[in-house]
1. Scanning for something in contact with a strand residue (DSSP E or B) (Cβ under 9 Å, 6 or more places away or on another chain) and within 11 Å of DNA strand C (Cβ to nearest atom), does segment B:59-71 turn up at least one residue?
2. Quick test for you: out of A:R97, A:R109, pick the one residue that is out of contact with any strand residue (DSSP E or B) (no Cβ under 9 Å at 6 or more places or on another chain) and surrounded by 14 or more Cβ atoms within 10 Å (Cβ to Cβ).
3. Filter segment B:116-137 for residues that are open to solvent by less than 50 Å² (accessible area, probe 1.4 Å), hydrophobic (A, V, I, L, M, F, W, C) and either outside any loop (DSSP other than H, G, I, E, B) or in contact (Cβ under 8 Å) with a residue 60 or more places away in the chain (or both) and give the result.
4. Please find, among B:G11, B:G50, B:G75, B:G84, the residue that is within 13 Å of DNA strand C (Cβ to nearest atom) and open to solvent by 50 Å² or more (accessible area, probe 1.4 Å).
5. Can you tell me which of (1) away from chain B (no Cβ under 12 Å); (2) touching a residue at least 24 places away in the same chain (Cβ under 8 Å) is the one A:N82 doesn't meet?
6. Only one of these is surrounded by 17 or more Cβ atoms within 10 Å (Cβ to Cβ), within 16 Å of DNA strand C (Cβ to nearest atom), outside the structural domain of A:Q133 (by TED's automatic domain parsing) and closer than 30 Å to B:H124 by Cβ: A:Y55, A:Y33. Name it.
7. Against the conditions (1) polar (S, T, N, Q); (2) within 14 Å of chain A (Cβ to nearest Cβ); (3) more than 11 Å from DNA strand D (Cβ to nearest atom), where does B:S2 fall short? Just the number, please.
There are 2 protein chains.
Amino acid sequence: MSNDSDLKRLGLKATGPRLKILEMFEQGATRHYTAEDIYKTLTDDGFDIGIATVYRVLTQFESAGLITKHRFEDGRAIYELNDGDHHDHVVCVQCGRVEEFVDQEIEKRQHEIATRLGYVITDHSLSIYGVCQHCQTHKN
Amino acid sequence: MSNDSDLKRLGLKATGPRLKILEMFEQGATRHYTAEDIYKTLTDDGFDIGIATVYRVLTQFESAGLITKHRFEDGRAIYELNDGDHHDHVVCVQCGRVEEFVDQEIEKRQHEIATRLGYVITDHSLSIYGVCQHCQTHKN
DNA sequence: GTCTAGATGAGAAAGCTTCTCATTTTCAAT
DNA sequence: ATTGAAAATGAGAAGCTTTCTCATCTAGAC
């Protein structure tokens, strides 16, 4: 099991909760999870874990650069595997579906703007909100 | 007082709390306020208001299109006067300073991306996080 | 001035997240 | 394999922001 050594390399003990959560990110159907999603999925699966542990592990994984944290308009935090390449999000305001995209031109202009205003950029987040194709046709 | 009639035109009674809050947005030193900011400023000023009222009024103002709500990475909501023209934000991660900018090219590309993915865009938010010039020199 | 729908303030409560602490587990050294 | 110390866990308490409830109060039409 290579996740085991991945964690150890980060100075984290390879415990059940950590392995399970990492596994979820790597093999899950979707890429984006709230802490609640993870807690629910694992406990429904019969795996005994506390919500506090979920939050703790997510924070550690984020510090370690393993995952990335976003925050959408509803205020809840969303986590996703950090696969190295940056991307932004399109969120369906009706069904919550999340899609990703990258646009080099937008990236470039962001840096130009930050520089012009005298900022040293550390991060940025762009989210587009809209109604997805599916929700447009299946109106309710 | 024209704010009085502004509110009435929106179907809102011109009450003390509403007038005070609207005034803050119009004449305040900064453009961006959290609910807490508003509550603190007004009560420190000797104006008696409840935090619940602040939230209620902000929600109403937002529904009425008078102000706009954003959410930065710390999860708290920030409100600003809606002056019609859209803009994005650069936030200093150290001192919390917020600056605004608009970039037509970024705006345009966002719409293209949403359309390409089949979304009908309703909103979008772009925030750049970094360290402002002041915080770069006055390190602590 | 009176009346009524609407607004308010206080406190309770909800939702997400973090903290505390007693117990348990990992893992390096035996 | 056993041990021991440091680290991790789960449960519940608690913190923060935001919303809800409800008795009281007020704006504005008459």
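1. Start the filter on segment B:59-71 by keeping residues that are in contact with a strand residue (DSSP E or B) (Cβ under 9 Å, 6 or more places away or on another chain), which leaves B:59, B:61-62, B:66-71.
Adding the requirement that they be within 11 Å of DNA strand C (Cβ to nearest atom) leaves B:59, B:61.
Yes, the conditions are met somewhere in segment B:59-71.
2. Details: A:R97 fails: out of contact with any strand residue (DSSP E or B) (no Cβ under 9 Å at 6 or more places or on another chain).
Sole residue among the options that is out of contact with any strand residue (DSSP E or B) (no Cβ under 9 Å at 6 or more places or on another chain) and surrounded by 14 or more Cβ atoms within 10 Å (Cβ to Cβ): A:R109.
3. Result: B:I121, B:L126, B:I128, B:V131, B:C135.
4. Values: B:G50 fails: open to solvent by 50 Å² or more (accessible area, probe 1.4 Å); B:G75 fails: open to solvent by 50 Å² or more (accessible area, probe 1.4 Å); B:G84 fails: within 13 Å of DNA strand C (Cβ to nearest atom).
Of the residues listed, the single one that is within 13 Å of DNA strand C (Cβ to nearest atom) and open to solvent by 50 Å² or more (accessible area, probe 1.4 Å) is B:G11.
5. Tallying (1) away from chain B (no Cβ under 12 Å); (2) touching a residue at least 24 places away in the same chain (Cβ under 8 Å), A:N82 fails exactly one: (2).
6. On the way: A:Y55 fails: surrounded by 17 or more Cβ atoms within 10 Å (Cβ to Cβ).
Answer to the check: A:Y33.
7. Only one criterion is unmet by B:S2, namely (2).
The values are calculated or read from the model by the stated rules, or taken from the named source; none is laboratory data. For clarity, every value in this text was computed on a predicted model and none was experimentally measured. Every residue, glycine among them, receives a Cβ derived from its backbone with ideal geometry; neighbour counts consider all protein chains shown. These accessible areas exclude ligands, DNA and RNA; they are computed on the full protein's heavy atoms, side chains included. Shrake-Rupley method; radii C 1.70, N 1.55, O 1.52, S 1.80 Å.
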